[in-house]
Amino acid sequence: MYNTYEMTAIYDSRKSFYGKAHIIEFMGRKILESYNTRVCEIDASGAFHRYWSGESATTMRHVNEFIRQNGISGGGVSWWREQPVERLAMI
């Protein structure tokens, strides 16, 4: 069983992500879904995984908020491009 909820904007200058960013929690995993695409994950051990090969300004805002809320260092386009793209394991 998993839990899905809308990601709130805590560190971003916008008041809300207006339903475009969601978190899926499953067995200690947190998966960021931006515009209905599973973009990245923080696994149960706290490791970051990138799943989406693209980048957009808005999705990067979602990623930056997601990692900051979860205590992961990094962020920004240069950091994102350095992350290897992995295949998402099914949930």
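Here is how the numbers come out for the structure above:
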quantity: Scope segment 1-26; condition touching a residue at least 40 places away in the same chain (Cβ under 8 Å) and among the aliphatic types (A, V, I, L, M); matching residues; calculated: MET7, ALA9, ILE10, ALA21, ILE23, ILE24
quantity: Residue list for segment 32-66, filter: small (Gly, Ala, Ser) and buried (at least 17 other Cβ atoms within 10 Å of the Cβ); calculated: SER34
quantity: Residue in segment 33-44 that is closer than 19 Å to ARG87 by Cα and of a type in the set (Gly, Ala, Ser) present; calculated: yes
quantity: Those residues of segment 18-31 which are more than 17 Å from ARG87 (Cα to Cα) and either in contact with a Lys or Arg (Cβ under 8 Å, 6 or more places away or on another chain) or crowded, with 20+ Cβ neighbours inside 10 Å (or both), in sequence order; calculated: ALA21, ILE23
quantity: Within segment 30-85, tally of residues that are of a type in the set (D, E, K, R), more than 19 Å from THR4 (Cα to Cα) and assigned to a loop (DSSP other than H, G, I, E, B); calculated: 1
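Bear in mind these aren't lab numbers, they're just calculated from the coordinates by the rules spelled out. The shown structure was predicted, so the numbers you read here are calculated from the model rather than taken from an experiment. With ideal geometry, Cβ positions are generated from the backbone for all residues, glycine too; neighbour counts draw on all protein chains shown.
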